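Each reported figure results from applying straightforward, stated rules to the coordinates on display, with no laboratory input. None of the values given here were measured: they were computed from a predicted structure. Note: ideal-geometry Cβ built from the backbone for every residue, glycine included; neighbour counts use all protein chains shown.
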Amino acid sequence: MSEQTQVKRPRADAERNRARLLDAAKAAFSSGQTPTLDQIARAAGVGIGTLYRHFPTREALVEALYRKELADLCGAADELLKSRAPERALRAWMDVFANYVAAKREMADALRAVFAAGSVTVSQAREELTVAVRTILDAGVADGTLRDDVRPEDVVAMIVGAFTATSLAGGQEQRGRMFDLLVDAVRRPGPASQGTHATGLDNC
């Protein structure tokens, strides 16, 4: 039993250190500055050697952070459905997506090298986002609140388009209205949707 504990402890410690490094990297990039790896290691409370064991290069750290943020965004679809009706989960997921885009823009310079290397691609990200939206749409089709002829890839394209059409800093209110319109568009007309307009979706 003690041997098993000794085997597992370093692995658990390593996983915690990795998570702390990613959290520190996210906070560092969100500061609006370009952090050094030394700064990220110090913020995580680990030595630079520990950082390099997990992430041999700056690009490796940025890629890992990007993948984690994308996974968290996609995983939010299931989490939101646990506490919200599908149409409200969809609207709330759009706000989570907005936060994801904001974080990604803050680390845009660092991401360029990762995309240039082909480690991650826009098409891969779109596929994962499409799966997340499909999860919510399928739930809405099942309970009769969302249309069954809506393609999730179209919803993803329109959400992304909202950011293309508005500025990140000053367009939040307009994007909110656009997201509301998009939810209206995918909502199934009929008694199942009545009453939602009166309460609004802004407080999701």
**Fill in**
Rounded to the nearest whole number, the per residue volume of the convex hull around the C-alpha atoms of the stretch 1-120 in Å³ is 138
**Asked** In what order do Tyr100, Tyr52 fall by count of nearby beta-carbon atoms within 10 Å, going from fewest to most?
**Response** Tyr52, Tyr100
**Message:** As I understand it, the dipole of the stretch 58-199 uses +1 on the Cβ of Lys and Arg and -1 on the Cβ of Asp and Glu, about the Cα centre. Which of Gln124, Gly144, Ala162 lies farthest toward its positive end?
**Reply:** Ala162
**Prompt:** About its Cα centre, what dipole magnitude does the chain give when the only charges are +1 on Lys and Arg Cβ and -1 on Asp and Glu Cβ, stated in debye to the nearest 20?
**Reply:** 520
**Item:** Degrees, to the nearest 10: 122-143 long Cα axis against longest axis of the chain
**Value:** 40
**Fill in**
For the chain the translational diffusion coefficient, Stokes-Einstein from a Kirkwood Rh over Cα pairs at 20 °C and viscosity 1.002 mPa s, in µm²/s, is roughly 113
**Under 5 Å, built H, 5+ apart or other chain: amide partners of Leu146** = Val141, Arg188
**Fill in**
Summing -39500 (n - 2.57) over every DSSP H run of at least 4 in the chain, dividing by its residue total and rounding to the nearest 500, the 222 nm mean residue ellipticity is -25000 deg cm²/dmol
**Request:** Would you mind giving the average projected area, over all directions, of the Cα convex hull of the stretch 103-157 in nm² with one decimal?
**Result:** 4.5
**Request:** Compute the distance in nm between two label points, each set 7 Å from the Cα along the Cα-to-Cβ direction, one at Ala165 and one at Ala113.
**Result:** 3.7
**Message:** In Å and on Cα atoms, what radius of gyration and Dmax does the stretch 36-75 show?
**Reply:** 11.2, 32
**Proxy reagent accessibility, fewest Cβ within 10 Å first, across Asp95, Asp148, Asp138** = Asp148, Asp138, Asp95
**Cβ-based exposure ranking for Leu37, Leu21, in which fewest neighbours within 10 Å come first** = Leu37, Leu21
**Item:** Whole-Hz ³J(HN,Hα) from phi, Karplus 6.51 cos²θ - 1.76 cosθ + 1.60, for the stretch 14-22, glycine and proline x
**Value:** 5, 5, 5, 4, 4, 5, 5, 5, 5
